[in-house]
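Okay, structure first, notes after.
The values are calculated or read from the model by the stated rules, or taken from the named source; none is laboratory data. In this text the structure is predicted, and so the values were computed from the model without any measurement. Positions of Cβ are generated from backbone atoms using ideal geometry, with glycine treated the same way; all protein chains shown enter the neighbour counts.
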Amino acid sequence: MGTFYDTKSLAEYIINNNGEFQNKLLSEAVNVASNIEGILKAGNIDLLKNAQKLVLYVVENATDELITFAKEEGVAWARHSLTLAFKLEWVHAIRRALWYFIKLYDEFNANVNYGEDFYVLEQKINDGIDEFLNTFFISYSQYKDELILSQRNLVEHLSVPIIPCSPTVAVLPLIGTFDSYRMNIIEEKVLTDISRLRIVTLIIDLSGISDMDEVTISNFQKVLIGISLMGAKSILTGFRPELVKKMVHLGIDLNSYTETKATLQQTLNKYLV
């Protein structure tokens, strides 16, 4: 295999000519070049330094290191909400600059008989950069998905306010629309707080809910059963006619594990006297 395909020498050539490589790279990525300082300040990401790292991983066929680096980059860009268009432009610019320097390296070594080995190198270089891009975007997407889920969990927990009214009595006002996901959050919060706050009676006010689908009603029953199994008592108040009709139609019977009252005020008057 000729000098052209000596990847160790090629890596050294890129390192020794790093200044020229960076100039070529910046000329290939005009939009990113004007935002390098901003990206460094926003996410402490040194694009030029990382570009060289990526190039050396690709040239030296360091697949494991390249994948780890791509995952780290994906998380960093997602954490700081950096523009993906910049990243895509930058990596494509790295690809073009790398091939430009491979051409210079070839001319420097006067190796013009590419032959079959050139296609091996072409596949290695392009596959390596494609591997980086794919891993980067998967890592970016996974981090964003986890962040969204975490934020949703936080919002949902905040939207389940259990309000202590006495050492043993608390109120849970439910407002808005409900699906199975939100009902799972309610179940977790209710059972945890019954134990943590030592709640004996939990008054659940439904006046802010006009409807529940059949699956959600079934999950709500499980919440009420869970409260009973925790040794606490649940009282439902504020049933709207639409919800009552649906429960009657579905044959739902709550009497065995809960109690119902007309209004929240009526219940508070009884249990807080």
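Report yes if some residue within segment 210-218 is farther than 19 Å from Glu187 by Cβ and either touching an Asp or Glu at 6+ places or on another chain (Cβ under 9 Å) or not polar (S, T, N, Q) (or both); otherwise report no. Don't jump to the end; show me each part of the working.
Initially, segment 210-218 is screened for residues farther than 19 Å from Glu187 by Cβ, giving 210-211.
Still in the running and either touching an Asp or Glu at 6+ places or on another chain (Cβ under 9 Å) or not polar (S, T, N, Q) (or both): 210-211.
Yes, segment 210-218 has at least one match.
The sole residue among Ser150, Ser159, Ser81 that is modelled with pLDDT under 95, under 30 Å from Tyr271 (Cβ atoms) and small (Gly, Ala, Ser) is Ser159. Scanning segment 55-83 for residues that are in a helix (DSSP H, G or I), under 18 Å from the mean Cα position of the chain (by Cα) and of a type in the set (A, V, I, L, M), we see that the one that is nearest to Lys124 (Cα to Cα) is Ala70.
Give Asp205, Asp179, Asp213 a once-over and let me know the one that is modelled with pLDDT of 90 or more and of a type in the set (Asp, Glu). Lay out the reasoning, then the answer.
Details: Asp179 fails: modelled with pLDDT of 90 or more; Asp213 fails: modelled with pLDDT of 90 or more.
Step by step, each of Asp205, Asp179, Asp213 is checked, and only Asp205 is modelled with pLDDT of 90 or more and of a type in the set (Asp, Glu).
Taking the criterion of being part of a helix (DSSP H, G or I), under 15 Å from Pro173 (Cα atoms) and in contact with a strand residue (DSSP E or B) (Cβ under 6 Å, 6 or more places away or on another chain), would at least one residue in segment 216-231 satisfy it? Looking for residues that are part of a helix (DSSP H, G or I), under 15 Å from Pro173 (Cα atoms) and in contact with a strand residue (DSSP E or B) (Cβ under 6 Å, 6 or more places away or on another chain), one finds at least one in segment 216-231, hence yes. Contact annotation: residue pairs with Cβ atoms under 8 Å, 6 or more positions apart or on different chains, pairing a residue in segment 245-273 that is in a helix (DSSP H, G or I) with a partner that is modelled with pLDDT of 85 or more and among the small types (Gly, Ala, Ser), are Leu264/Ser207; Leu264/Gly238; Tyr271/Ser166. Residues in segment 190-207 that are more than 13 Å from Pro164 (Cα to Cα) and crowded, with 20+ Cβ neighbours inside 10 Å: Asp205, Leu206.
Of the residues making up segment 79-107, those that are buried (at least 21 other Cβ atoms within 10 Å of the Cβ) and small (Gly, Ala, Ser) are Ala93, Ala97. Can you find a residue that is of a type in the set (Gly, Ala, Ser), assigned by TED's automatic domain parsing to the domain that holds Glu259 and buried (at least 16 other Cβ atoms within 10 Å of the Cβ) anywhere in segment 208-219? Checked segment 208-219: no residue is of a type in the set (Gly, Ala, Ser), assigned by TED's automatic domain parsing to the domain that holds Glu259 and buried (at least 16 other Cβ atoms within 10 Å of the Cβ).
How many residues does segment 257-270 hold that are more than 16 Å from Asn219 (Cα to Cα) and surrounded by fewer than 18 Cβ atoms within 10 Å (Cβ to Cβ)?
Just the residues of segment 257-270 that are more than 16 Å from Asn219 (Cα to Cα), to begin with: 259-270.
Filter again for surrounded by fewer than 18 Cβ atoms within 10 Å (Cβ to Cβ), leaving 259-260, 262-263, 265-266, 269-270.
Residues flagged as more than 16 Å from Asn219 (Cα to Cα) and surrounded by fewer than 18 Cβ atoms within 10 Å (Cβ to Cβ) within segment 257-270 amount to 8.
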